[in-house]
Amino acid sequence: MKKLMMLLLCGGLLVACSSDSGYSVKVSKSDDAMITGSELKMTKQDYFNQLLDQYGAQQVLSEALTTIADKEVTDQEEINKLVAEREKTYAKNANGDLEKYAKSLGYDSKEEYSQEVLVPDVKQELLRNKYIKENLEKMIKDYQVVSFKKIVVTKESEALTIIKESTSAEIFDKKLKDAGTNGEDAGIVTKNSTLDDNLKSQLSQLSAVNKDGVYSEAIKLSDDSYAVLYLYNTDHKNTDELINKLTSDGDVQKEIEGIYLKKYNFKVNDSKIKDAIKKLSSEYIE
């Protein structure tokens, strides 16, 4: 479906028009029937409009971002490496046969599928990664990024004892192990992570800490239990892990894509597609 729409868009089949569908484009021989039957008729234009309804906004956005990525992302070796990794992953998910999977989607070969689907996805990911890397500290502050281990206890006095006794990472890790299911390494979290509301409200302060160690306060959770946190990687030298966490966040993706679209003066002249893009995110277009 997506491929067919792009063939229509790019194959010289469109002319400017004013159509009842609200779109400002029309396929040639638009009234020719594609599907007929008893009390059933679908013209080429009907079909094209359905494709625009389903894929138009996302496809226009993807084409714009890929074009921007072509200008911003210049490391072809890195692109090739990530595409090869994606091909292996997709092949594994397709029972080892990427060729068959690609053809089931309407592509002539796995090479065509890779070029039209995987390459744009990789380029757009690297575009986001580029922005995050160049603005890492700002993104960490804006999205309240922090890495921590957590022990939950029922009483504040217990929490304060753990804080007092946890003078090293080794001591805290032992207590964490002893806590069993009441302890966990939460890894990297952001303001968009699923967390207890009271804990989430503390992320701004936690992400500003610049020294590893047990957090000095016991955090009362919404169920009246208490969390003791050990913060780590506060120097943010785990750059790759931070970038991977941020680039997978939907809000981060939309923000960065919006920044690049504005940088390159992205405009859409078809009002219906423009409105559909705005629904995807207000970051994309004014």
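The values are calculated or read from the model by the stated rules, or taken from the named source; none is laboratory data. Here the structure is a predicted model, which is why all the values come from computation and not from measurement. Neighbour counts are summed over all protein chains in view; Cβ atoms, including those assigned to glycine, are modelled from backbone coordinates with ideal geometry.
Looking for whichever is within 30 Å of Lys150 (Cα to Cα), touching a residue at least 40 places away in the same chain (Cβ under 8 Å), crowded, with 20+ Cβ neighbours inside 10 Å and polar (S, T, N, Q) here; the options are Ser207, Ser216, Ser225. Which one fits?
The match here is Ser207.
Give Leu195, Leu199 a once-over and let me know the one that is under 21 Å from the mean Cα position of the chain (by Cα), modelled with pLDDT of 95 or more and farther than 24 Å from Lys133 by Cα.
It is Leu195.
Just to be sure I understand the filter: pairs with C-beta atoms under 8 Å, separated by 6 or more residues or on different chains, first member in segment 232-243 and surrounded by 14 or more Cβ atoms within 10 Å (Cβ to Cβ), second member among the hydrophobic types (A, V, I, L, M, F, W, C) and assigned to a loop (DSSP other than H, G, I, E, B). Which pairs pass?
Cβ pairs passing all conditions: Thr234/Val209; Leu242/Val145.
Being touching a residue at least 40 places away in the same chain (Cβ under 8 Å), surrounded by 15 or more Cβ atoms within 10 Å (Cβ to Cβ) and basic (Lys, Arg) narrows it down to one residue among Lys272, Lys200; which is it?
Lys272
Scanning for something over 20 Å from Lys164 (Cβ atoms) and over 25 Å from the mean Cα position of the chain (by Cα), does segment 243-262 turn up at least one residue?
No, segment 243-262 contains no residue that is over 20 Å from Lys164 (Cβ atoms) and over 25 Å from the mean Cα position of the chain (by Cα).
If you go through segment 100-115 one residue at a time, do you hit one that is modelled with pLDDT under 95, part of a loop (DSSP other than H, G, I, E, B) and among the aromatic types (Phe, Trp, Tyr)?
yes
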